[in-house]
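Asker: Take a look at this one; I'll ask things after.
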Amino acid sequence: MPDRRTQLIDAALSVVADKGMKGLTHRSVDAAAELPEGTTSNYYRNRASLVEAVLDRLEQLDVELLQRVGPTGPPRDTGEIAEQLAALVMALLQQHAPLTRARLALSLDRPEAVTAGHYRLVGGLEQTLTGLGIPDAGARARDVSDYGDGLLLHQLTARRAEQPDQAAVANAIRRLLGP
């Protein structure tokens, strides 16, 4: 069983995923965690400290996800990286959809809070693409990141009823990385 702080922050992530940032209150977290009213405020005295803890937990969960779903080694070619990235997008859309919704809500409410993570992701992708000899790796890394972010947003909002196809996602990434 997670410790009380983790329990509260996981409940807070659930609240943000379901109700957005406006729904994030100490009371809503207490209710989501099924704990007595006032518990969250005992651990996180104000909303700012609660939001900071949510951002830290989200980053921790993202690292864990990348370790579980991410590649076991560097990709050998663009086809392999396209498959790896498509698998990651599918994980974010399916089993991790609530975390993705929470990340999107936090991005809209606190864009400065997710900037560093975004640049780390794009920078890592740029290094990988450079290692594969892909020309204009920086621009292509940004294009792939933008495609992934847009796909996540659309699949979780306007196109909720559609089932994404991992092969189609991988093909789109290949086109972005192509010659």
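The values are calculated or read from the model by the stated rules, or taken from the named source; none is laboratory data. Keep in mind that what you see is a predicted model, and the values were worked out from it rather than measured. Cβ coordinates were reconstructed from backbone atoms using ideal geometry, including for glycine residues, and neighbour counts include every protein chain displayed. Heavy atoms of the whole protein, side chains included, go into the accessibility calculation; ligands, DNA and RNA do not. Shrake-Rupley method; radii C 1.70, N 1.55, O 1.52, S 1.80 Å.
Asker: Looking at the structure I just gave you, is Pro164 out of contact with any strand residue (DSSP E or B) (no Cβ under 6 Å at 6 or more places or on another chain) and assigned to a loop (DSSP other than H, G, I, E, B)?
Answerer: Spelling it out, Pro164 is indeed out of contact with any strand residue (DSSP E or B) (no Cβ under 6 Å at 6 or more places or on another chain) and assigned to a loop (DSSP other than H, G, I, E, B).
Asker: Tally up the residues in segment 128-139 that are in contact with an Asp or Glu (Cβ under 8 Å, 6 or more places away or on another chain) and either open to solvent by 30 Å² or more (accessible area, probe 1.4 Å) or closer than 20 Å to Glu59 by Cα (or both), please.
Answerer: So in segment 128-139, the residues in contact with an Asp or Glu (Cβ under 8 Å, 6 or more places away or on another chain) come out as 132, 137-138.
Then drop every residue that is not either open to solvent by 30 Å² or more (accessible area, probe 1.4 Å) or closer than 20 Å to Glu59 by Cα (or both), which leaves 132.
Count: 1.
Asker: I would also like to ask the following. Hey, does segment 77-88 have a residue that's in a helix (DSSP H, G or I), without any contact (Cβ under 8 Å) to a residue 12 or more places away in the chain and within 24 Å of Asp146 (Cα to Cα)? Working first, answer last.
Answerer: To start, the set of residues in segment 77-88 that are in a helix (DSSP H, G or I) comprises 78-88.
Now restrict to residues that are without any contact (Cβ under 8 Å) to a residue 12 or more places away in the chain: 80.
Subsequent filtering for residues that are within 24 Å of Asp146 (Cα to Cα) retains 80.
Taking every residue of segment 77-88 in turn, at least one turns out to be in a helix (DSSP H, G or I), without any contact (Cβ under 8 Å) to a residue 12 or more places away in the chain and within 24 Å of Asp146 (Cα to Cα).
Asker: Considering only residues that are open to solvent by 40 Å² or more (accessible area, probe 1.4 Å), more than 12 Å from the chain's Cα centre (by Cα) and at pLDDT below 85, which ones fall in segment 50-109?
Answerer: Within segment 50-109, Gln67, Arg68, Val69, Pro71, Thr72, Pro74 qualify.
Asker: Checking Ala158 against (1) at pLDDT below 90; (2) among the small types (Gly, Ala, Ser); (3) under 27 Å from Asp56 (Cβ atoms), which test does it fail?
Answerer: The one condition Ala158 does not meet is (3).
Asker: Let me ask something else. I'd like the residue in segment 148-161 that is in a helix (DSSP H, G or I) and without any contact (Cβ under 8 Å) to a residue 60 or more places away in the chain and, out of all such residues, is farthest from Pro98 (Cα to Cα).
Answerer: Gly150
Asker: Search segment 1-14 for residues that are free of Cβ contacts under 8 Å to residues at least 12 places away in the same chain and pair each with any residue that is surrounded by fewer than 20 Cβ atoms within 10 Å (Cβ to Cβ) when their beta-carbon atoms are under 7 Å apart and the residues are at least 6 apart or on different chains.
Answerer: Taking only residues 6 or more apart or on different chains, the pairs are Pro2/Asp10.
Asker: Among the residues in segment 138-146, are any touching a His at 6+ places or on another chain (Cβ under 8 Å) and touching a residue at least 24 places away in the same chain (Cβ under 8 Å)?
Answerer: Yes, some residue in segment 138-146 is touching a His at 6+ places or on another chain (Cβ under 8 Å) and touching a residue at least 24 places away in the same chain (Cβ under 8 Å).
Asker: Tell me the residue from Thr25, Thr40 that is open to solvent by 20 Å² or more (accessible area, probe 1.4 Å), touching a residue at least 12 places away in the same chain (Cβ under 8 Å) and of a type in the set (Val, Ile, Thr), please.
Answerer: Thr25
Asker: Sticking with this structure for a sec: Could you pull out the residue among Leu55, Leu8, Leu35 that is more than 30 Å from Ala168 (Cβ to Cβ), hydrophobic (A, V, I, L, M, F, W, C) and not in a helix (DSSP H, G or I)?
Answerer: On the way: Leu55 fails: not in a helix (DSSP H, G or I); Leu8 fails: not in a helix (DSSP H, G or I).
On inspection, the qualifying residue turns out to be Leu35.
Asker: With surrounded by 16 or more Cβ atoms within 10 Å (Cβ to Cβ), among the aliphatic types (A, V, I, L, M) and more than 18 Å from Pro74 (Cα to Cα) as the only criterion, which of Leu151, Leu125, Leu177 stands out?
Answerer: Result: Leu151 is the single residue among Leu151, Leu125, Leu177 that is surrounded by 16 or more Cβ atoms within 10 Å (Cβ to Cβ), among the aliphatic types (A, V, I, L, M) and more than 18 Å from Pro74 (Cα to Cα).
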